[in-house]
Amino acid sequence: MAIGQELLNVPMGDMIRQMALAIAEGQVQLDASSIEVAEMMGGLRLIYDEKGNQTFDDSRIFFGFELMTVAEAEAYIAADEAMTGGDKSALTKIINDQKPGAGTTGLIRVPTRLSMLELGFTPTFYQFV
């Protein structure tokens, strides 16, 4: 039997339905991928380990700084560590190296973390039309 005849033997409705379902499945996979990228660009992505415990993947970057008092800087670092569980030794060293002496304003420069979304990047959501 020729290929043309086999195509004619396939019910048209079934062929269109299968094609539409394949497109819909592809769209779901595209959306899932875009959502994963958006989570990463948001800075903190929730991750579950093999035991079901929640952790975070921190993809924020250091960008710029804020002027803070030592107490504000320590609170900022504690909040950041509580949220991400990351290593705070580098930030603590920066604070300790800048602790103000007598006759200063009491403000220190503390690096701040920003996500890609906060920096103006946006994820791309593709779609079949």
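Against the longest principal axis of the chain, how steep is helix 89-98, in degrees 0 to 90 to the nearest 10, with axes from Cα atoms?
The answer is roughly 30 degrees.
Expressed in nm to one decimal, what extension gain is obtained for the pair residue 122 and residue 98 from 0.36 nm per residue of sequence separation less their Cα-Cα distance?
Length gained between residue 122 and residue 98: 5.1 nm.
Over the chain, average the accessible area per residue using a 1.4 Å probe and give it in Å², no decimals.
For the chain, the per-residue accessible area is 74 Å².
With each pseudo-label sitting 7 Å past Cα toward Cβ, what's the residue 114-residue 70 distance in nm, one decimal?
2.9
Could you compute Rg(Cα) / (2.2 N^0.38 Å) for the chain, with N its residue count?
1.86
For the chain, calculate the relative contact order in percent as a whole number, restricting contacts to Cα pairs under 8 Å that are 6 or more residues apart.
Relative contact order comes out at 31 percent.
If I compute solvent accessible area with a 1.4 Å probe over the protein chains, what percent of it on the chain is carbon and sulfur?
With neighbouring chains kept in place, the figure for the chain is 61 percent.
As an exercise, use a Förster radius of 25 Å and the Cβ-Cβ distance of residue 79 and residue 49 to find the FRET efficiency, rounded to the nearest 0.05. All intermediate terms of the calculation are to be shown ahead of the outcome.
On the way: r = 23 Å, r/R0 = 0.92.
My answer for the efficiency is 0.65.
Please work out how much length the chain gains when fully extended from residue 37 to residue 9, using 0.36 nm per residue of separation minus the C-alpha to C-alpha distance, in nm with one decimal.
On the way: separation 28, 0.36 × 28 = 10.08 nm, distance 4.33 nm.
Taking 0.36 nm per residue and subtracting the Cα distance, the gain is 5.8 nm.
May I ask which residue of 9, 112, 37 lies farthest towards the positive end of the charge dipole of the chain, with charges of +1 (Lys, Arg) and -1 (Asp, Glu) on Cβ and the Cα centre as origin?
Ranked along the dipole, the leading option is 112.
Check each of the GluC sites (Glu not before Pro) in the range 1-88 and keep only those in coil by DSSP with at most 10 other C-beta atoms within 10 angstrom; list them in order.
On the way: sites: 6, 25, 36, 39, 50, 66, 72, 74, 81; in loops: 50.
Qualifying residues, ordered by number: 50.
Return the calculated 222 nm mean residue ellipticity for the chain, to the nearest 500 deg cm²/dmol, obtained by summing -39500 (n - 2.57) across DSSP H runs with n ≥ 4 and dividing by the residue count.
About -16000 deg cm²/dmol.
The values are calculated or read from the model by the stated rules, or taken from the named source; none is laboratory data. Everything quoted here is computed from the prediction, not taken from an experiment. Here Cβ is always computed from backbone atoms with ideal geometry, including for glycine, and neighbour counts include all displayed protein chains. Only protein heavy atoms, including side chains, enter the accessible area calculation; ligands, DNA and RNA are left aside. Shrake-Rupley method; radii C 1.70, N 1.55, O 1.52, S 1.80 Å.
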